[in-house]
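Take a look at the structure below.
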Amino acid sequence: MVRNKSVFVVLLFSLFLSFGLLCSAKDFPGRRSEDDPRQRYEDCQRRCQSETRGQTEQDKCEDRCERQFKEEQQRDGDDPQRRYQDCRQHCQQEERRLRPQCEQSCQEQYERQQQQQPDKRFKECQHRCQRQEQGPERKQQCVKECREQYQEDPWKGERENKWREEEEEESDEGEQQQRNNPYYFHRRSFQERFREEHGNFRVLQRFAAKHHLLRGINEFRIAILEANPNTFVLPHHCDAEKIYVVTNGRGTITFVTHENKESYNVAPGVVVRIPAGSTVYLANQDNREKLTIAVLHRPVNNPGQFQKFFPSGQENPQSYLRIFSREILEAVFNTRSEQLDELFGGRQSHRRQQGQGMFRKASQEQIRALSQEATSPRGKGSEGYAFNLLSQTPRYSNQNGRFYEACPRNFQQQLQEVDSSVVAFEINKGSIFVPHYNSKATFVVLVTDGNGHVEMVCPHLSRQSSHWSSREEEEQEEQEDERRSGQYKRVRAQLSTGDIFVVPAGHPVTFVASQNKNLGLLGFGLYNGQDNKRIFVAGKTNNVRQWDRQAKELAFGVESRLVDEVFNNNPQESYFVSGQNRRGFDERRGSNNPLSSFLDFARLF
């Protein structure tokens, strides 16, 4: 009896010891974790061999293990975050001097996959909803859940709630058309290069990547820089000419050229040109609001591609000075190796306090010191690299809206090098910026506040085309466009804060504010050094009023009196009109109005 008890105690102790070793083994270096699909596959195979009876059952069990393993591999392969981590781990095996290029390649691949991933999974989820044998209400709820899961805004925080409140509900058909719109970029089209606790820097995908119709502006890139309150942005330079436009908050922008230092206190509406190669750093002066800046890049090396270079930093970003050999650094700085290690490595305690990354938390004393020597840009004629766009006299203005514009011919030092104008306009709620087109410039328009919609006339989309067409197919489409000249399609997009819409030169367009809030927009007029003109086709100054009487009659096939009655019907308002006027046009268009064929071609009036 005593012997049996001893054996039992030994067995019990062995079980506890084995369990303890098993629990601790999962953290043992070199052991695969329970999350490893390969480990789960091997465990599954062992269970099949030990728990099944007969070769047939064992084969079926092993087949199930194989299918499950392949499905998990496929999911992991589709996971951009997992592939990014694997890529970064692979970079650690490279030589030290090659690691930055390797990590940059990982980052670019991750951005491309992240851009494509949500739509792919959303479509798969939506397809599963359609296969369900349930009523239409349950299917609709299923699609809504898919949208919330896979199309959720990745930029959390205050702006996320604001965007969701402003977004108008749309039908599934309307959303599909919006996604296929080559001129519309949803705010999620931005790819994050730096996303940190104290700020983020995100870049819009390349224009030609959305559609070949935009390849004419593909050398430009749009980005958004957002810094939290009391945050410092590390000094860096860029291989691109840049224009900063402040859309929210207050801060200080300082940059050093090869000749001198420029420092400006900035607020919404301030425009600052940063010459290529200039070292720039920023600080958010505000204790509550974020500093948000829209950035236009015109790269000087490779069209549409730019890089930031940081002289200071540890890992991400890394100091480019650390890439040089130790012998070179000791010689050019005439200093000891230990000092270099301290400078570029930084004291661990100080580094933990300041944090790492492009955005650093700063004290209010440091922020105030950075802004002491800065000046505040003013209006037209200001010397230097900055001016305040909103301090100009509005180009167009009335009770329904206002439009500010700065062109390269008037702001040569600030805008001529980038060959772009800058415009800012606000449309009062329920009002319309009347239909117009630009003679030479293509405008990239960013929604800075509010919501509404845009309508544009496009001759290229009179038939459906694919954005991924080959070069031969693109040429065929262009030839067919020329043969079908005179046929148009209305391009419409709902607009919310953070969205972007591209207006090519010559394309008639109109912007409409929602009924509950003003619509604020910022635009970059690309290639505006060619003296662009804005031609209005409605309102008090529309160009049809200047046509000869005979031209009006021959063009519309009616008496010129009727043409004048329509185009001169709103003599008091120009540029911006109240949305209430649309009702009168709808009534006339529903009648036997001979002008309806003209007005219906774009349905803009």
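Readers should treat all values here as calculations from the given coordinates under stated rules, not as data from a laboratory. Quick caveat, the model's predicted, so the values are computed rather than measured. Glycine also receives a Cβ, built like all others from the backbone with ideal geometry; neighbour counts cover every protein chain displayed.
Quick rundown of the values:
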item	result
Amide H contacts under 5 Å for residue 461, placed H, 5+ residues apart	489
Contour minus Cα-Cα distance for residue 130 and residue 364 (0.36 nm per residue)	78.7 nm
Ranking of 224, 243 by count of other Cβ atoms within 10 Å, fewest first	224, 243
Length added when fully stretched, residue 390-residue 43, from 0.36 nm per residue minus Cα-Cα	118.2 nm
Residue-wise HN-Hα coupling along segment 268-282, computed from phi with Karplus coefficients 6.51, -1.76, 1.60 (Hz; x: Gly, Pro)	x, x, 6, 10, 10, 8, 10, x, 4, x, 6, 7, 10, 9, 9
Order of 385, 264, 41 under a 10 Å beta carbon neighbour criterion, fewest first	41, 385, 264
Residue 578/residue 315 FRET efficiency (R0 56 Å; Cβ-Cβ; nearest 0.05)	0.50
Spin-label pair residue 99/residue 83, simplified geometry with 7 Å Cα→Cβ offset, distance in nm	2.4 nm
Residue 558 paired with residue 335, simple spin-label distance in nm, labels 7 Å along Cα-to-beta-carbon	7.8 nm
Residue exposure sequence - 296, 461, 390 - by fewest surrounding Cβ within 10 Å	390, 461, 296
Contour minus Cα-Cα distance for residue 259 and residue 546 (0.36 nm per residue)	98.2 nm
